[in-house]
Amino acid sequence: MKREDDQELWDLLGKTGQPTLSPFFARNVLREIRQERTWRSRLPRWFGPRQLIPATAVAVAIFATAISFQKPAATSPSENLPEGVAQLDAVDYEIVADLDDLLALEEDNLWADTDSSTL
């Protein structure tokens, strides 16, 4: 931007007071840079008991939660049963329940068919 483009702005900027810098400004800046901590000086603080104990407790709690929500691996029913055991579908359960009732009735009828003279 040229001075001729906006004379009022340049006049206003010229009237502001310049901040005065300390003669030791460069020395102070370099001292602050040198005193800034590096990652090597910060690293031991992260492994102190004040930070390590809570972090370990949180890690153990997360691990225990993950283990408790784990489901066992699903296996097919035919793998665990011997050959002689029949596999039932969901539809067959109603039939099996009816057969159990019929067998119970048959066992009751066995005692009813005998001669009363033998008793």
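The values are calculated or read from the model by the stated rules, or taken from the named source; none is laboratory data. Just so it is clear, the structure is predicted and the values come from calculations on it, not from any experiment. Heads up, the Cβs are rebuilt from the backbone with ideal geometry, glycines too, and the neighbour counts pull from every protein chain shown.
List of remarks:
- Residue within the stretch 36-44 that is at pLDDT 80 or above, assigned to a helix (DSSP H, G or I) and either in contact with a Gly (Cβ under 6 Å, 6 or more places away or on another chain) or aliphatic (A, V, I, L, M) (or both) present: no
- Residues (modelled with pLDDT of 80 or more and among the aliphatic types (A, V, I, L, M)) located in the stretch 65-101: A66, I67
- Within the stretch 12-27, the residues that satisfy the criterion of being modelled with pLDDT of 80 or more and either surrounded by 10 or more Cβ atoms within 10 Å (Cβ to Cβ) or in a helix (DSSP H, G or I) (or both) are F25, A26, R27.
- Single condition I62 does not satisfy, out of (1) modelled with pLDDT of 85 or more; (2) in contact with a Pro (Cβ under 7 Å, 6 or more places away or on another chain); (3) of a type outside the set (G, A, S): (2)
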